[in-house]
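**Q** Below is the structure I would like to discuss, written out as C-alpha cells.
The values are calculated or read from the model by the stated rules, or taken from the named source; none is laboratory data. From a predicted model like this one, the values you see are computed outputs, not experimental measurements. Note: ideal-geometry Cβ built from the backbone for every residue, glycine included; neighbour counts use all protein chains shown. The area values use the complete protein model at the heavy-atom level, side chains included, leaving out ligands, DNA and RNA. Shrake-Rupley method; radii C 1.70, N 1.55, O 1.52, S 1.80 Å.
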Amino acid sequence: MLRGDCSYQRRQDETLPEKDAAQKTQESLFQKLRNWVFADPPLYIRYFFPILVTFGIIGGIAAFWIPVETGWLRQSGLGGEAEQKSISDLRLHLLYITAGAISVLVLLKIAKEYHFLKHFIAYINWNKNWLYIILLLTVLLGGGSAYIIPLIIPNPLKDGDTVPALRQAILVTVAGLLTMLTLWENRRKNLQEKDKNDLEHIRQIKSERRSRYAKAIEQLGNDNTSIKLGGVYTLSKLIDEWLEDKKSNPKKKERMEEGQIIIDSLCAYIRSPYPLSIPKNNDHKNLNLSDKEAENAFNDFTSLRGEQEVRKTIIKIITERLSGGVNRDGEKPKTSKGKWSNFKYDFSNSSFFYPVDFQYSYFSNPVEFTGSTFSSNADFSVSKFTQGANFSEATFKGTAMFASVIFSGTPDSINDFSNATFAEETWFASAEFREQVLFTGASFMETTYFRGVDFYKLTGFRDSSFQNTADFTYANFLGKLYLTNTSFKDEVLFEETSFDEELSLSSCSFDRTVYFTKSRFLKKFESKAHFKGYADFSEVEFNYISDFSCSKFSKGLSVERASFNSYSPTFSSPGEILKLSTPTVKPHPFPFVVNKFEIIRFTQLSVRVEPKDYKLTVSENSIYGIDSEQITVADGRVFTIPVGCELFDPEPLPAPKPEEPTE
C-alpha cells in the first residue's frame with residue numbers, strides 16, 4: 001500500500017510540469033499584457049521619462065486641437081465672445097488634466113521608490129532627487145500661479161486679453177518647462193550611460209595592455225632572437241600607448257607609473273648576466289676541434305650575436321625616445337627632452353658586452369651605472385643628466401665618449417665617477433659639470449681629454465691616476481679643485497686654464513712635463529708637489545698667494561713672463577716638527593716628553609739639469625718679482641735660483657764601500 005502510494009505520487013510529480021507548460025501555452029493575450037504592465041518594476045517606473053514626455057505632448061496637442069476643431073466637451077450653439085470663452089475654458093481644463101496626470105506620475109514614482117515618503121529626509125535629498133523635486137515644485141507653483149496671478153492683475157495686459165487666456169499662457173509655459181526638464185534629464189541619463197560604457201571600454205583597454213605586457217615578458221625569456229625582439233618592440237609600443245592615452249588615463253602621474261613598470265623590466269633585462277659574454281680561458285690558437293666542439297662553438301657564437309642584437313635594440317629604442325632633438329645654433333650642440341626622459345633608469349652592475357650608444361639622451365632623473373662594465377665603446381656625447389649620474393666603480397674597456405655632455409642637478413646631486421677605470425681614450429671635451437663631480441680614485445689608462453670643460457662646483461680627483469696624457473686646456477674650474485695625491489705618469493696640459501678657487505697640488509707627482517702656460521689663479525695656489533718632469537708656469541697670472549715651498553723640481557722650472565699681482569711668490573716657509581726626547585727618570589703620565597723644533601721647508605731644485613732650465617724672469621707688468629741668488633756647484637756651473645731654495649741631486653752617487661782591513 002505504501003509502495004503504491006509512492007508510485008502514484010511520482011506519477012503526479014512527473015505530470016505537473018507538463019500541465020504547467022500547457023497552461024502557459026493557453027494563456028490569453030490579455031494575461032500577457034497584464035503581466036507586462038504590472039511586472040516588477042511596474043510599467044510607469046520602467047518607462048517613466050517616455051511616458052512623462054508622451055503625456056506632455058498629448059496634453060498640449062489636445063488642448064489646442066480639441067476645442068477648435070471639434071465640438072467635444074463644450075456647449076453647442078454658442079457664438080462670438082461666448083464661444084471663445086468656452087474654447088478657452090475647455091483648453092484650460094485639458095491642460096489642468098495633463099498637469100495633474102504628470103503630477104500623479106511623478107508622485108507614483110516617488111511613492112514606489114520611497115515607499116510613500118516613509119523617510120521624508122531621504123525624499124528631500126537634493127543631490128539625489130533634485131529633478132523630481134523641481135518637477136513637483138514646477139507643477140505646484142505653475143498651477144498656483146495660473147489661479148493666483150490673474151486675480152492679482154486688476155486689468156488685462158492689453159485689449160482683448162481675458163483671465164482664462166492668461167491662465168492658459170501660464171500653464172503652457174509650465175508645460176514647456178516640464179518638457180524641457182524632462183528632456184534634459186533624459187540627456188543626462190544618456191551621458192551617464194555613455195560614461196559607464198567609456199569606463200568599461202577603458203577597463204578593457206587596460207586589461208588588454210597588461211595581457212600584452214605579460215606575453216611580451218614571456219617572449220623575452222625565449223631562446224629565439226626573433227621572438228625576443230618581438231617582445232622588446234611590444235614593450236616599447238606599450239610605453240608609448242600609456243603615455244599618449246590621455247583619454248583612458250588623464251592623470252599624467254598614473255600614466256608614468258604604468259610606463260615605469262615596463263622601463264624597469266627592460267633595465268632588469270639589461271642588468272641580467274649572460275654567461276656566454278664571459279670570455280673563456282681556452283687556447284684559441286688551437287684550432288684542432290672535433291666536429292661536436294666546432295658545432296658547439298658556432299652555436300655559442302650565434303647565440304652571443306643574437307643576444308647582443310636584442311640588448312643593442314633595447315638601448316637604441318630607449319635612446320631614440322630620450323631625445324627630443326638637438327639644437328646646434330649655439331657654440332655647443334644641446335639636446336632637448338624626449339618623451340621617455342622623465343623615467344628612472346637603473347643600469348647598475350650591468351655588463352655591456354656590445355657597443356653602447358646613448359648620444360643625445362636627456363635624463364630628467366638620476367641615472368645609475370654603478371659597477372657596470374663597458375666591454376666596447378660607450379658614447380654619451382651631447383647628452384644631458386639633469387639630476388646627476390652615478391658611474392662609480394664602472395669599467396670602460398673601450399673608448400669612453402662624454403664630449404659636450406651637461407651634468408646638472410640639485411645642490412645635493414653628485415656626478416660620481418669614483419674608482420672608475422678608463423682603459424682607452426676618454427673624452428670629456430666641452431662638457432659642463434654644473435654640480436659636484438667626483439673622480440676620486442679613478443684610473444685613466446690612455447689619453448684623457450678635459451679640454452674646454454666647465455667645472456662649476458667642487459671637483460675631486462683625489463687619489464686618481466693618469467697613465468697617459470691628461471689634457472685640461474681651456475678648462476674652467478669655477479669651484480674648488482682637489483688634486484691631492486694624484487699621480488700623472490705622462491704629460492699634463494693645464495694651458496690657458498682658469499682656477500677661481502684655491503688649488504693645492506699637495507702630494508701630487510708629475511712624471512713628465514706639466515704645462516700651466518697662460519693659466520690664471522684667482523685665489524691661493526699651493527704646490528707641495530714633486531715635478532719629475534719640466535714644470536712650465538710661463539705667462540701664468542697669480543692674483544693671490546703663490547706658494548711653491550716643499551716642492552721638488554727634477555727637470556727644471558719656468559715662471560717666465562708670469563705675473564704676481566698680490567704677493568711675492570714663496571719658495572720656503574717656516575714649519576714645525578715634533579721630536580721625542582729620552583724617557584724621564586721620574587714617573588710621568590706620558591712615556592716621552594715632547595719638544596718642538598722649528599725647521600725651514602725649502603723648495604728643492606735639481607742640479608741634474610742645465611742652469612738655463614730655471615727661468616725666473618717675470619712679466620714686465622708683474623707687481624712683484626722673484627728674489628734670486630746665484631749658487632756655484634762643484635763642476636763650476638752657476639745656478640740662479642729663488643732665495644730660500646736649495647739644490648739637490650735626484651740621482652746621488654752611491655756611498656763608497658768601506659775598505660776591507662788588510663792583514
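**Q** Any idea how many residues of region 599-652 are in contact with a strand residue (DSSP E or B) (Cβ under 8 Å, 6 or more places away or on another chain) and under 22 Å from Phe564 (Cβ atoms)?
**A** In the first step, residues of region 599-652 are kept if they are in contact with a strand residue (DSSP E or B) (Cβ under 8 Å, 6 or more places away or on another chain); the result is 599-607, 611, 613-616, 618-619, 621-633, 638-650.
Checking the rest, the ones that are also under 22 Å from Phe564 (Cβ atoms) come to 600-605, 613-616, 618-619, 621-630, 639-646.
Qualifying residue count for the region: 30.
**Q** Please name all residue pairs, on different chains or six or more residues apart, with Cβ atoms under 9 Å, provided the first residue is in region 84-102 and is touching a residue at least 40 places away in the same chain (Cβ under 8 Å) and the second residue is of a type in the set (D, E, K, R) and open to solvent by 30 Å² or more (accessible area, probe 1.4 Å).
**A** So the pair list comes out as Ser88/Arg167; Asp89/Arg74; Leu92/Arg167; Leu95/Arg167.
**Q** Another question, then. Test Thr399 against the criterion of being under 19 Å from Glu435 (Cβ atoms), over 12 Å from the mean Cα position of the chain (by Cα) and open to solvent by 30 Å² or more (accessible area, probe 1.4 Å), and give yes or no.
**A** So Thr399 fails the test.
**Q** Let me ask you something else. Mind counting the residues in region 507-519 that are within 10 Å of Phe494 (Cα to Cα) and not β-branched (Val, Ile, Thr)?
**A** Step one: list which residues in region 507-519 are within 10 Å of Phe494 (Cα to Cα), which gives 514-519.
Restricting the remaining residues to those that are not β-branched (Val, Ile, Thr) gives 515-516, 518-519.
Within region 507-519, residues that are within 10 Å of Phe494 (Cα to Cα) and not β-branched (Val, Ile, Thr) number 4.
**Q** Additional query: Would you tally the residues in region 528-546 being small (Gly, Ala, Ser), free of Cβ contacts under 8 Å to residues at least 60 places away in the same chain and part of a loop (DSSP other than H, G, I, E, B)? Talk me through it step by step, then tell me what you get.
**A** Applying the first criterion (small (Gly, Ala, Ser)) to region 528-546 yields 529, 533, 535, 538, 546.
Subsequent filtering for residues that are free of Cβ contacts under 8 Å to residues at least 60 places away in the same chain retains 529, 533, 535, 546.
If we keep only those that are part of a loop (DSSP other than H, G, I, E, B) too, we end up with 529, 533.
So the count comes out to 2.
**Q** I'm told Leu304 meets every condition in (1) open to solvent by less than 50 Å² (accessible area, probe 1.4 Å); (2) at pLDDT 95 or above; (3) within 30 Å of Ile278 (Cα to Cα); (4) touching a helix residue (DSSP H, G or I) at 6+ places or on another chain (Cβ under 7 Å) except one. Can you identify the failing condition by its number?
**A** (2)
**Q** Within region 473-483, identify whether any single residue is open to solvent by 40 Å² or more (accessible area, probe 1.4 Å), in a loop (DSSP other than H, G, I, E, B) and of a type in the set (Ser, Thr, Tyr), and answer yes or no. Quick ask: steps written out before the conclusion?
**A** In the first step, residues of region 473-483 are kept if they are open to solvent by 40 Å² or more (accessible area, probe 1.4 Å); the result is 474, 476, 478, 480, 482.
Now narrow it down to the ones that are in a loop (DSSP other than H, G, I, E, B): 474, 478, 480.
Those left that are additionally of a type in the set (Ser, Thr, Tyr): 474.
Within region 473-483, one or more residues are open to solvent by 40 Å² or more (accessible area, probe 1.4 Å), in a loop (DSSP other than H, G, I, E, B) and of a type in the set (Ser, Thr, Tyr).
**Q** Hey, among Asp412, Asp379, Asp416, which residue is over 25 Å from Lys480 (Cβ atoms) and not hydrophobic (A, V, I, L, M, F, W, C)?
**A** Working: Asp412 fails: over 25 Å from Lys480 (Cβ atoms); Asp416 fails: over 25 Å from Lys480 (Cβ atoms).
Exactly one residue qualifies, and that residue is Asp379.
**Q** Can you spot a residue in region 634-642 that is open to solvent by 90 Å² or more (accessible area, probe 1.4 Å), modelled with pLDDT of 60 or more and over 14 Å from Lys552 (Cβ atoms)? Write out each step before concluding.
**A** Initial filter on region 634-642 (open to solvent by 90 Å² or more (accessible area, probe 1.4 Å)): 634-635.
Of the ones still in play, those that are also modelled with pLDDT of 60 or more are 634-635.
Then drop every residue that is not over 14 Å from Lys552 (Cβ atoms), which leaves 634-635.
Within region 634-642, one or more residues are open to solvent by 90 Å² or more (accessible area, probe 1.4 Å), modelled with pLDDT of 60 or more and over 14 Å from Lys552 (Cβ atoms).
**Q** So if I check each of Val405, Val382, Val356, which one is among the aliphatic types (A, V, I, L, M), open to solvent by 10 Å² or more (accessible area, probe 1.4 Å) and in contact (Cβ under 8 Å) with a residue 24 or more places away in the chain?
**A** On the way: Val405 fails: open to solvent by 10 Å² or more (accessible area, probe 1.4 Å); Val356 fails: open to solvent by 10 Å² or more (accessible area, probe 1.4 Å).
Criteria check complete, one pass: Val382.
**Q** Right, another one. Inspect all residues belonging to region 322-329 and state whether any of them is open to solvent by 20 Å² or more (accessible area, probe 1.4 Å) and aliphatic (A, V, I, L, M).
**A** Start the filter on region 322-329 by keeping residues that are open to solvent by 20 Å² or more (accessible area, probe 1.4 Å), which leaves 323-329.
Imposing the further condition that a residue be aliphatic (A, V, I, L, M) reduces the set to 326.
Checked region 322-329: at least one residue is open to solvent by 20 Å² or more (accessible area, probe 1.4 Å) and aliphatic (A, V, I, L, M).
**Q** Can you name every residue in region 484-527 that is closer than 19 Å to Ala442 by Cβ, small (Gly, Ala, Ser) and in a loop (DSSP other than H, G, I, E, B)?
**A** Residues satisfying the conditions are Ser506, Ser507.
**Q** Determine, yes or no, whether Thr459 is β-branched (Val, Ile, Thr), open to solvent by 10 Å² or more (accessible area, probe 1.4 Å) and touching a strand residue (DSSP E or B) at 6+ places or on another chain (Cβ under 8 Å). Give the steps one after another, and end with the answer.
**A** Values: β-branched (Val, Ile, Thr): yes; open to solvent by 10 Å² or more (accessible area, probe 1.4 Å): no; touching a strand residue (DSSP E or B) at 6+ places or on another chain (Cβ under 8 Å): yes.
When the stated conditions are applied, Thr459 does not pass them.
Quick grid of which residues meet (1) at pLDDT 95 or above; (2) of a type in the set (Lys, Arg); (3) part of a loop (DSSP other than H, G, I, E, B):
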site	(1), (2), (3)
Asp283	no, no, yes
Leu287	no, no, yes
Lys332	no, yes, yes
Asn342	yes, no, yes
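To keep it simple, each residue is scored yes or no on (1) of a type in the set (Gly, Ala, Ser); (2) modelled with pLDDT under 70.
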{"residue": "Thr15", "(1), (2)": "no, yes"}
{"residue": "Gln23", "(1), (2)": "no, yes"}
{"residue": "Tyr44", "(1), (2)": "no, yes"}
{"residue": "Gly59", "(1), (2)": "yes, no"}
{"residue": "Ala62", "(1), (2)": "yes, no"}
{"residue": "Ile66", "(1), (2)": "no, no"}
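**Q** Right, next: List the number of the failed condition for Asn155; all other conditions in (1) open to solvent by 60 Å² or more (accessible area, probe 1.4 Å); (2) modelled with pLDDT of 70 or more hold.
**A** For Asn155, the exception is condition (2).
**Q** What number goes with the only condition from (1) closer than 18 Å to Ala268 by Cα; (2) buried (at least 24 other Cβ atoms within 10 Å of the Cβ) that Thr370 does not pass?
**A** Of (1) closer than 18 Å to Ala268 by Cα; (2) buried (at least 24 other Cβ atoms within 10 Å of the Cβ), only one is false for Thr370: (2).
**Q** Does Arg167 qualify as being touching an Asp or Glu at 6+ places or on another chain (Cβ under 9 Å) and either at pLDDT 90 or above or surrounded by 12 or more Cβ atoms within 10 Å (Cβ to Cβ) (or both)? Reasoning before the result, please.
**A** Details: touching an Asp or Glu at 6+ places or on another chain (Cβ under 9 Å): no; either at pLDDT 90 or above or surrounded by 12 or more Cβ atoms within 10 Å (Cβ to Cβ) (or both): yes.
No, not satisfied.
**Q** Can I ask one more? Considering every residue within region 366-383, establish whether at least one is under 19 Å from Ser443 (Cα atoms), of a type in the set (Phe, Trp, Tyr) and not in a loop (DSSP other than H, G, I, E, B).
**A** Yes, region 366-383 contains at least one residue that is under 19 Å from Ser443 (Cα atoms), of a type in the set (Phe, Trp, Tyr) and not in a loop (DSSP other than H, G, I, E, B).
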